[in-house]
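So the structure is just underneath, and the comments pick up after that.
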Amino acid sequence: AQTVTQSQPEMSVQEAETVTLSCTYDTSESDYYLFWYKQPPSRQMILVIRQEAYKQQNATENRFSVNFQKAAKSFSLKISDSQLGDAAMYFCAYLNFGNEKLTFGTGTRLTIIP
Amino acid sequence: DAGVIQSPRHEVTEMGQEVTLRCKPISGHNSLFWYRQTMMRGLELLIYFNNNVPIDDSGMPEDRFSAKMPNASFSTLKIQPSEPRDSAVYFCASSLATLSPQHFGDGTRLSIL
């Protein structure tokens, strides 16, 4: 079974600075997707970014980018120019080709310091 | 475009009562998912449907839980009888196709007294 590990329960960053959230996963599969979801206090689950395992290029979405290291099974999220609205729980998630079951990590709570 | 719509947003009921949670997926999406989120267990997939057919219900905790998808635009998750340990936030999500990103509703916060 696949597992997703987020080893940082909490992180904080000064507004306008850069922060990196860590995620590792365990799988024997070669084809899969990885995601970062954001859950603000409003409780919504918002898709931040997606990475296909077969792509070597790291995904980027505006201020959000990932560092995908397939051999190391690592998938970190970098948030540049942090803003107050980035404060939320961030979940790393894994999706295996062949089924649609998302496996989530336990989350990292990100605090933005004004 | 409307996102995934869940109702109610909050539900408080007494132990032993039947609870029905509702979900309307994004129009055109073929897959629908029910998740449960608790502090202890995080986000867990309960069941998912593809083209209205249940594909995997291995995450459903026990027989008190049931889910249906009578048509492409509506699904229910029912708990009967409810117990205090069922208290959680229940999310519904939908996706356009296999391996497409899942879009979540705002969740239903369920409290069983």
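A crude spin-label estimate for the pair A:Asp31 and B:Thr98, with each label 7 Å from Cα along the Cβ direction, gives 0.9 nm. Taken about its Cα centre, the protein assembly as shown carries a charge dipole of about 140 debye when Lys and Arg each add +1 at the Cβ and Asp and Glu each add -1 at the Cβ. What the Cα atoms of chain B give is an Rg and a Dmax of 13.2, 38 Å.
At a Förster radius of 41 Å, what calculated FRET efficiency corresponds to the Cβ-Cβ distance of B:Ala72 and A:Thr60, to the nearest 0.05?
Numbers: r = 34 Å, r/R0 = 0.83.
That gives a FRET efficiency of 0.75.
With the cut-off at under 11 Å, measuring from each backbone N in segment B:1-41 to a point 7 Å along the Cα-to-Cβ line of A:Gln44 picks out B:3-4. Ordering A:57-70, B:45-58 by mean Cβ neighbour count within 10 Å, with the highest value first, yields B:45-58, A:57-70. Normalised by residue count, segment A:66-114 yields a Cα convex hull volume of 95 Å³ per residue.
Rounded to the nearest 20 debye, what is the charge dipole size of chain A about its Cα centre when +1 sits on each Lys and Arg Cβ and -1 on each Asp and Glu Cβ? Don't skip to the end; give the middle numbers.
Numbers: 10 positive and 11 negative charges, 22 e Å.
Approximately 100 debye in magnitude.
Could you tell me what % of all Cα pairs in the protein assembly as shown have separations over 24 Å? Taking all Cα-Cα pairs of the protein assembly as shown, the fraction more than 24 Å apart is 45 percent.
Tell me whether segment A:28-68 comes out rounded, prolate or oblate; compute the Cα gyration tensor, take square roots of the eigenvalues as a ≥ b ≥ c, and use a/c under 1.5 as the rounded threshold. Intermediate values should be presented prior to the final figure.
Details: a/c = 3.83, a/b = 1.68, b/c = 2.29.
Oblate shape, in that a/c is at least 1.5 and b/c is the bigger or equal ratio.
When the Kirkwood radius is taken over all Cα pairs of segment A:39-97, what Stokes-Einstein diffusion coefficient follows at 20 °C and 1.002 mPa s, in µm²/s? List each step's numbers first, then the result.
On the way: Rh = 12.7 Å.
The diffusion coefficient I find is 168 µm²/s.
Grab the eigenvalues of the alpha-carbon gyration tensor for segment B:68-113, scale each by 5, take roots, and send me the semi-axes largest first in whole angstrom. Before the final figure, lay out the partial values.
On the way: eigenvalues 123, 37, 12 Å².
Here the semi-axes work out to 25, 14, 8 Å.
Placing a pseudo-label 7 Å from each Cα along the Cα-to-Cβ vector at B:Asn51 and B:Ala2 gives an inter-label distance of 2.5 nm. Across chain B, C-alpha contacts under 8 Å between residues 6 or more apart give a mean separation that, scaled by the residue count, equals a relative contact order of 37 percent.
Using a 10 Å cut-off around each Cβ, can you sort B:Cys92, B:Cys23 from fewest to most neighbouring Cβ atoms? Don't jump to the answer; show the numbers that get you there.
On the way: B:Cys92 28, B:Cys23 25.
The order, fewest Cβ neighbours first, is B:Cys23, B:Cys92.
Between the C-alpha center of segment B:43-99 and that of segment A:66-102 there is a gap of 25 Å. For chain B, set up a Gaussian network in which alpha carbons nearer than 10 Å are linked by springs, and say which option among B:Thr98, B:Thr20, B:Thr76 fluctuates the most. With Cα springs under 10 Å in chain B, the top fluctuation among B:Thr98, B:Thr20, B:Thr76 is at B:Thr98. Here's the picture: charge each Lys and Arg Cβ at +1 and each Asp and Glu Cβ at -1 in the protein assembly as shown, and of A:Tyr90, B:Ser58, B:Asn71 the one pushed furthest to the positive end of that dipole is B:Asn71.
For chain A, the share of alpha carbon pairs falling in successive 10 Å distance bins from zero is 15, 49, 29, 7, 0 percent. B:Gln6 sits among other residues whose Cβ lies under 10 Å from its own Cβ, and their net charge, with Lys and Arg +1 and Asp and Glu -1, is +2.
Take every pair of alpha-carbon atoms less than 8 Å apart whose residues are at least six positions apart; their mean separation over the length of chain A yields a relative contact order of 37 percent. Inter-chain Cβ neighbour count for A:41-47, averaged per residue, equals 5 (cutoff 10 Å, partner chain atoms only).
Here, each number is a calculation from the coordinates, and none is a lab measurement. All values reported here derive from a predicted model rather than from experimental measurement. All Cβ positions, glycine included, derive from the backbone under ideal geometry; neighbour counts span all protein chains shown.
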